[in-house]
Amino acid sequence: MDKFWQTKTLQAMTSSEWESLCDGCAKCCLVKLEDYETGEIEHTNVACELLDVDSCRCRNYEQRHSIVDDCITLDKDNIHTLGWLPETCSYRLISEKKPLPDWHHLVTGDPESHHSYGASLRGWVVSELDVRQEDIQEHIIQWVD
């Protein structure tokens, strides 16, 4: 198996390599609340309406930006500016020249290894379709990487 993530920078990766680097944790798909006075980001256990909370994959990845106004595309230019990304985020790790976690599917060869290890949001979140907007603050949580 080609271990491109060990030899290439994010900038040198092809589109398919970039996409395959995603570990499928879905933590970037959490609804986040920002304190406008301090800029502090609060995480919730509420996932984007497009997230399949069982598979931890977007149900409409190709059209997500036209459906969800504030969906952020992770790219080679903004990866260093998104401080809310989890410490285990594959893109963050590679950008910091760190190895992928042992549970990552590129390391294990098993596309479900992040779930069996407990690194994904499976079983921990609810869809924003099931939460009233005025109740979102009740879902603020502290994630531990």
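Some notes on this structure:
- For region 66-117, alpha-carbon Rg and Dmax in angstrom: 13.1, 35
- Alpha-carbon spread of region 49-94, three principal axes, descending order, Å: 26, 23, 15
- Answer label for percent of Cα pairs over 21 Å apart (calculated), chosen among [x] 49; [y] 46; [z] 62: [y]
- Only the Cβ atoms of Lys and Arg (+1) and of Asp and Glu (-1) were treated as charged; on that basis the dipole of the chain about its Cα centre amounts to roughly 680 debye.
- The slack in the chain from residue 135 to residue 110, taken as 0.36 nm per residue of separation less the alpha-carbon distance, amounts to 5.3 nm.
- A helix-only calculation puts the chain at -4000 deg cm²/dmol for mean residue ellipticity at 222 nm, using -39500 (n - 2.57) for each DSSP H run of at least four residues, averaged over all residues.
- Given R0 = 30 Å, the distance between the Cβ atoms of residue 15 and residue 38 translates into a calculated FRET efficiency of 0.25.
Every number in this text was worked out from the coordinates using simple rules, so none of it is lab data. Here the structure is a predicted model, which is why all the values come from computation and not from measurement. All Cβ positions, even for glycine, are placed from backbone atoms using ideal geometry, and neighbour counts span all protein chains on display.
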